[in-house]
Every structure is written in C-alpha cells, then in structure tokens.
Amino acid sequence: MAKIFIGVAWPYANGTIHLGHVAGSLLPPDIFNRYNRMKGNEVLMVSGSDQHGTPITVTAEKEKMTPKEVAEKFHAINKKAIEDMGIEFSLFTKTGTENHRNVVHEIFIRLLEKDLLYKKGTMQYYCPKCLKFLPDRYVEGICPKCGSEHTRSDQCDSCGTTFETGDLKDAVCIHCRTAPEIRATEHFFLKLSAFRDDLLTYLEDKTYWRSNVETFTTNWIREGLNDRPITRDMEWGIPVPVDGWKGKVIYVWFEAVIGYLSASKEYLSSDDLWKEFWCSEDVKHYYFLGKDNIPFHSIIWPSILMGYGNLNLPYDIPANEFLTFRGGKLSKSRGGAIDIPSVIQRYDPDAVRFYLSAIMPDTHDSEFSWEDFQIKVNNELVSALGNYYHRSLSFTSKNFSAVPREFNGKDLAAVTEEIEKVVSEYDMHMSNCDFKKAVRTFMELSRFGNRYFDSKKPWALVKENKEECGEAMNASLQIVKALALLAWPFMPSSSERIWKFLGFDDSPLDHGISACTVPLVAGTKLPEPVPVYSKVELPEEENKNETNTGGPFADFKRLDIRVAEIIEANDHPDAEKLFCLKVNAGEERQLVAGLKAFYTKEEMIGKKVLVLCNLKPAKLRGVMSQGMLLAADDETLGGNTVALLTPSKDVPNGTRFGCGLDISGKEIEYKDFQKAVIRVASVNNGIFAYGNLQIKDKDAPSRAAAVTDGNECILLSDGNGCFAVADKNVKNGATVR
C-alpha cells in the first residue's frame, strides 16, 4: 500500500464556486483520490477556502459586510456545494484558522533566518484622505495608451497594457475619489532568484508532467527568476510576524500555498502522522489546479519547500486548462445557471460529473454548452451506460431473481478477457491522470456489453434454453459489476446504487478495482432495479438551438478566417500561461492566446498565421481578445503537439481563407466555430489521409488542413493556390481549434 498526498487549489471565498472550478481543479482530484483508494492506497487530500486578499475586501465593501463575514459566508456555501457534488476531502478547511496562521508564521521565520527573505523599499499609491496605502484594485483612472476609463492601476482590461505605480492618468481612490499620492513603502521579498539552479535540477526528471506544465515552467525559470514581494499594505490577512510591521500582512499568493502543509497538520495533529506524508521519499505529492496557478505550484511552492528544508516536493502537477462558456470565461452574467448550487438543484450531480469528465479541459481549453451537455448525457450516459445497466439487471431479476449459475464458463471467460483488457487500459490512464481517456475506456466497455447482450438475444434464449440464457446473463452481470467499479470514481452515487442492485450490501470501495474480474456469487438475490440515469430536458432559456440550413460546409461558411502577421507578443498581465498579441490581419487587432507552453515570444513575432476574425470579442482573464489563432492539436489522438496554422505561401495580410466559398462573415460565438470540422493530415494522390476523403486540389501540399462535412472534403485555402499548413508535425487527424 502506497501513501498519496493530493493538494487541491484553494478557491477564493468571495463568491460561489461554478462549473469552471469543478472541471478545472475540484473534480479531477476527487476522481484520482477515489481511484487510489480503490487501489488500496492511503490518501490524504486537503484544500480549503482562501479567505484573504483584496478579492475578499472588495466583495465585503460591495455587500456592506466585514471581510471575515464574507469569507465565512462563502466558505460555508462552497463547502456544502463541494459536498453536494460528491467531492470528498480528508479535510476542507480555510486560511482563517489559528493553525494556518501559526504554520505560515513558522515558515516565514525559518526563511527569514536563512536569509531567503529580505526587506526592500518600493513605491505605492497612498490615499491622503483615507490615510492608507492602496492595493491595485483600489485605484482606478484612465489608461494612458487607449484612453479607457475606470481602469485598474495594474492593468487595462480593454487593451491589455500593464502599469507601474504612477502610470495611470487621473488616478483616484475608489473609496473617496481623492487623487492618491505616490509614497515609499517597505516590504519583504522572497529571494526566488536563489533557487534557479535547484529548480532546474528538480525539473530534470519531470518528463512525465503534462507537456504544457513542463514547458511553461522550464521556460519561465530560464527566462530569469525575479525576487517577489510577499507582504502588502492592508489590514485583512495574516500579520507579518516581525515587530514594527503593523498594518502589513503576508501576501495571499505566499500564504495560500502553505495551506497544503497547515491543513495536513490540522487533520493529522500528531507530528509523526503528518510527517509520514511530508517527510518520506516514498510518498508522492500531486497538486490539482487551473493553468493560471501553474507557476505558484511548480516554481514558488517548491522554492518555499526547498528553503524550509526536508519536506516533499511536488511529484506531479496535472494542471487543467480553462472551461469556457460561449467563448469566454464562465460567469452567470453570460447566461445560464453555472454556479454549483443552481446546477445541482436542476440536474443530477453524477450527470454533471460525467459530462465534465468527458469534456475535461486537461490539455487545452474546453467549451461548455447546455446543448452538448444534453446530447452527451442523453446519448452516452443514458443510452449506452444506463441502458446496459437496466436491461441486464431488470431482465435477470425478472427471469431468475438471483445471479444465475455459469456452467461451461465459455461466455464468462470471453467477457473476463475483455474486462481485463479494459482494466489494464483504464489503470494506465488513471495513474497518468488522463481522466477523459479513462471515461472513454469504460464507456467502450458499456458498448461492448450492449453488443454482447444483443448477440445473445436473451428474450428468445430464455424460452429455448434457460440454462444457457442464465450463463449469458451471468456474464452480462459481470460486465455490470466491472462498470460499476470503474465508474465509481467518476459517478459515485449512481455506481453505489448499481452495486446494491447486484445484491451487495457494501460499497465498490470495499472491493476495489481488482474485483472487476472476480466472479459473482451464483444465487445472490437481486432486488428489482430502477433506472439510475434520466434524460436531460433543458429549460427554454438554455435550449436555443440554431438550425443549420446552409447545405454542405454551412458551418464553415460562417467562419471569416484571414492571414495575419504577429507584430507584437507580450505576457498576459494576469495569467502566466497566456500571450497578449498584436496582429495585422489587414487591420490591427489584439488577441489573447494560450500558447505560452508551446511557443516563445521570439518564435511568435513575425510569424504569419491564420486568425478567426469574426469571433465575438471576449475578455480573457481581463484582456479583450478580438479573434482567435487557429492551431492543430493531436491530444485526442494520443499526441501532445500543438501547431499553428500558417499559409503555405507569402500572401498579403488580410487574405481570406474561405476556400472560394461564399462566406457570411457575421459575428459568431465560439460554439459556432466548434461545429465546423477542420483537421490536419497527409495528402496522398488526391486523398486526405484522415477518413480517406477525396480532394480536388492538384497543387495541394503533402500535409494540409482540410474542412470536412460528412464524406465531403475541401482543403482550407485562399482559393488561389495558397493552403493552410501546420508549422509542426502533428498526427493525422489533429483537430484545428
């Protein structure tokens, strides 16, 4: 039995958690936790509410509450929502505890004693009327670059420009509208630069990390590590444990990650117990989080742990990308109930867990849509898995009332062989945190079960040879059993119900994955089953489907794709994984692209790319994006490459890639883009290698992007001999997104 530590990113207690939190950082660790417990491993999984920082104080002022009241309110709401989603922690605590404060102080003092913290003077906004220094969110003014009003003092949401103190025009304090002064203040800095070599050594064997996490982290370190301030001027937070520093607190980015250790100490109060998980080289530490949290867990937290000494470093950091909604960040204002309490009032939590697992944004952003939720739940969860469960259980219960005997064992042997293959593949995916692939694996077993059931025709066989029918149903129930075990980490509540319908009075957890091929006990009484999954019916406001009436390539004809040259590439001011790009697509526009894990800024600048220009503008992490770069991604085919689409010839900026078709050019949502199927593959003798579809372009390159619609295929081009190609070698069939 192994010991596993799972740390889960701490959600801010300034609002209700939503589907993005669940898909990105809450559901994946719960799946991994349950899987490891089924394997017989001992798991410690901790997290909690991040109760400090300016997001809490801003919300408190809006709601006319104290920061503590806001933090406690949303801690209670979110803790219940997490539990209602079936997500189980060893401990879900909060950063407002005395225990957490003491552990943070202990680490602060240790780093200070080892000269890894130092004092440094900085300049900051100060309000002479409120008599206090002002954090970024408390100062607003006019952007000096684009003229946008009500701009925060650290960045402009309209044009993406970042500022130093004093850059903002006509800056005012948001409380009293007084013009702030710029005054000197002093803060403690973490000597992050001292850890560069140790961090690079630590990363040497992390080849099993997701490529985006590994590449992003390595590039971030090699570009240079800057020392970072770990204190700030405000009252709400953990006080600095040094005399003379009243009115300053420890920065939330520094103290929140320490919560993993403080929560472990809170749950395992004995020194010997918590040390078993933190001081043994045999214990693997996994951290689950969203992509914007990568550097805090792959660079800053390891540095803190190295500085403190003799504590386990992260073994793996399976960071997820973002779950988007209508092309942008999930939020209630964009339409639909996306906060968890609202969602689970209307839908079965296991159905939500299934859908989010099936579209999990593990290596690239995924688009959530109510329509797709309905389709996947109804056509896959209900019609494939749920249907197999019910037809096997109800037929056997009705005709045999108990688990039938198996006689010659041929059916059971064939089924067991299939189950063993599935379990082997499932284990590989689950141990690698490839949960989306694991879902596909057990769903394929349900389809195998349906085919097996149909091939046996038990409704006729029971009349002809009941003994042989019983043997077939014994084998069918063995598949049901395996499915209930494999699905339990993803859908625990419904899997528990299926388990009871098989005549068990315990839980799948009590048996584990190894029980998938253990034969059922003949003669076990079977209760009368009922369906465990129901079809989803969407409310009117969520069920606004568009009718496709444009004939072949109708979805593609809505896309305004143009050649653009990247003329400027900058880091996103509020998201470590994103680039802010300026491109010339016949006109200058700004894009936000999640390509930092795959390209450097130097590789981007000057490159000619293809851009979807009529995508509805959206703010991505606070910066407006006016279109989308097109790239091919072969992750679903077992690869790990992302490649930008580029023109095969040097054509003018703004050249439209409409394949010579009549393009509407009207503004579209991201979900509209997803309806068009564009892939990259080899082209051989007029045949597109993915799907073996015929093309008509005589001058086609050996590898190209093509638009497909049923059995029809057309290469993505300007209609005049310039084709879309990928700038890296991707697998045949790589999807363009």
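The values are calculated or read from the model by the stated rules, or taken from the named source; none is laboratory data. Quantities reported herein were computed from a predicted structural model and do not represent experimental measurements. For neighbour counting, all protein chains shown are included, and Cβ atoms are generated from backbone atoms with ideal geometry for every residue, glycine included. Remember, those area values only see protein heavy atoms, side chains included, never the ligands or the DNA or RNA. Shrake-Rupley method; radii C 1.70, N 1.55, O 1.52, S 1.80 Å.
Is the shape of region 68-189 best called rounded, prolate or oblate, per the rule: a/c under 1.5 gives rounded, else a/b larger than b/c gives prolate, else oblate, with a ≥ b ≥ c the square roots of the Cα gyration tensor eigenvalues?
On the way: a/c = 2.33, a/b = 1.42, b/c = 1.64.
Verdict is oblate for region 68-189.
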- Could you go through region 484-499 in sequence order and give the Karplus-derived ³J(HN,Hα) for each residue, using 6.51 cos²θ - 1.76 cosθ + 1.60 with θ = phi - 60°, rounded to whole Hz, and x for Gly and Pro? 4, 5, 5, 7, 4, x, 8, 9, x, 5, 5, 5, 5, 5, 4, 4
- Full extension from T97 to Q674: what is 0.36 nm times the residue separation minus their Cα-Cα distance, to one decimal in nm? 203.2 nm
- Using the Cβ atoms and a cut-off under 10 Å, what net charge is assigned to the surroundings of Y690, where Lys and Arg are +1 and Asp and Glu are -1? +2
- Would you kindly state how much longer the chain becomes between D272 and E113 on full extension, computed as 0.36 nm times their sequence separation minus their alpha carbon distance, in nm to one decimal? 54.7 nm
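What pairs in K291/K607; K248/K596; K437/K525; K284/K619; K437/K557; K73/K119 have C-alpha atoms more than 27 Å from each other? The partial results should precede the final answer.
Numbers: K291/K607 25 Å; K248/K596 34 Å; K437/K525 35 Å; K284/K619 37 Å; K437/K557 32 Å; K73/K119 36 Å.
Beyond 27 Å: K248/K596; K437/K525; K284/K619; K437/K557; K73/K119.
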- Item | Using θ = phi - 60° and Karplus 6.51 cos²θ - 1.76 cosθ + 1.60, couplings along region 98-111 (whole Hz; Gly, Pro as x) | 5, 4, 5, 4, 5, 5, 4, 4, 4, 5, 4, 5, 4, 5
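Relative contact order for the chain: what percent, with Cα pairs under 8 Å and sequence separation of 6 or more? Kindly include the intermediate steps, with their values, before the conclusion.
On the way: 1452 pairs, mean separation 87.2, N = 737.
Taking the mean separation of contacting Cα pairs over the length of the chain, I get 12 percent.
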- Taking the Cα-to-Cβ direction at K246 and at L538 and moving 7 Å from each Cα, how far apart do the two end points lie in nm? 5.8 nm
- Note on the structure: With every protein chain kept in place and a 1.4 Å probe, the chain has an accessible area per residue in Å² of 41 Å²
- In region 1-96, with Lys and Arg counted as +1 and Asp and Glu as -1 at Cβ, which of these residues, S25, F92, G7, has the Cα nearest the positive end of the dipole, that is, farthest along it? G7
- The ³J(HN,Hα) series, computed from each phi in region 141-151 with the Karplus coefficients 6.51, -1.76 and 1.60 at θ = phi - 60°, rounded to the nearest Hz and given as x for glycine or proline, is x, 10, 5, x, 9, 10, x, 5, 8, 6, 8
- Item | Pair T66, D427: separation of 7 Å Cα→Cβ label points (nm) | 5.5 nm
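What dipole magnitude, in Debye to the nearest 20, does region 1-130 give about its Cα centre under +1 on Lys/Arg Cβ and -1 on Asp/Glu Cβ? Don't jump to the answer; show the numbers that get you there.
Numbers: 17 positive and 14 negative charges, 48 e Å.
In debye, rounded to 20, region 1-130 gives about 220.
Would you mind telling me the antiparallel percentage of the DSSP bridges in the chain, rounded to 5?
80 percent
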- Query: Residue farthest toward the positive end of the dipole of region 367-490, with Cβ of Lys/Arg at +1 and Asp/Glu at -1: which of F435, H390, V422?
  - Reply: H390
- Task: Could you tell me which label, among (1) 28.0, 93; (2) 28.5, 99; (3) 26.1, 97, carries the value of Rg and Dmax of the Cα atoms in Å calculated for this structure?
- Result: (1)
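Using mean Cβ contacts within 10 Å as the protection proxy, how do 376-384, 572-580, 454-462 order, highest first?
Values: 376-384: 18.6, 572-580: 21.8, 454-462: 14.4.
Packing order, densest peptide first, comes out as 572-580, 376-384, 454-462.
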- Interchain or long-range residues, amide H under 5 Å from L693's placed H: F688
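Ranking request for peptides 276-288, 30-42: highest mean number of other beta-carbon atoms within 10 Å first, then the rest in descending order.
Working: 276-288: 17.5, 30-42: 20.1.
Going from most to least packed, we get 30-42, 276-288.
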- Charge sum, other residues only, whose C-beta stays under 13 Å from G523's C-beta, Lys/Arg counted +1 and Asp/Glu -1: +1
- Message: Taking the Cα centre as origin and putting +1 on Lys and Arg beta-carbons and -1 on Asp and Glu beta-carbons, what dipole magnitude results for the chain, to the nearest 20 debye?
- Response: 780 debye
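Using 31 Å as the Cα-Cα cut-off, could you pick out the over-long pairs in K398/K535; K145/K728; K601/K696; K376/K457? Mind showing how you got there, number by number?
Values: K398/K535 24 Å; K145/K728 36 Å; K601/K696 37 Å; K376/K457 27 Å.
Beyond 31 Å between Cα atoms: K145/K728; K601/K696.
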- Item | Exposure of K436 as accessible area (Å², to 10), given a probe of 1.4 Å and all protein chains | 10 Å²
- Message: With a 1.4 Å probe and all protein chains kept in place, how much accessible area does M628 have, in Å² rounded to the nearest 10?
- Response: 30 Å²
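For every helix of n ≥ 4 consecutive DSSP H residues, a contribution of -39,500 (n - 2.57) applies; sum these over the chain, divide by its total residues, and give [θ] at 222 nm rounded to the nearest 500 deg cm²/dmol. Walk me through the numbers on the way to the answer.
On the way: 21 runs with 237 residues, N = 737.
Calculated at 222 nm, the ellipticity per residue is -10000 deg cm²/dmol.
Local charge sum around I82 (other residues, Cβ-Cβ under 10 Å, Lys/Arg +1, Asp/Glu -1)? Kindly include the intermediate steps, with their values, before the conclusion.
Values: positive: K79, K80; negative: D30, E83, D84, E88.
Result for the local shell: -2.
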- Message: Could you order the peptides 228-238, 127-137 from most to least packed, using the average number of other C-beta atoms within 10 Å per residue?
- Response: 228-238, 127-137
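Given Cβ point charges of +1 (Lys, Arg) and -1 (Asp, Glu) and nothing else, what value in debye, to the nearest 20, does the dipole of region 606-737 about its Cα centre take?
Numbers: 17 positive and 14 negative charges, 68 e Å.
Dipole magnitude for region 606-737 comes out near 320 debye.
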- Query: How high is the FRET efficiency between N732 and C176 when r is their beta carbon distance and R₀ equals 60 Å, given to the nearest 0.05?
  - Reply: 0.45
- Note on the structure: Projected onto the charge dipole of the chain (unit charges on the beta-carbon of Lys, Arg, Asp and Glu, signs +1, +1, -1, -1), the Cα from Q694, S493, P458 with the largest positive-side position is that of Q694
- Item | Separation between Cα centres of region 588-657 and region 482-516, rounded to whole Å | 44 Å
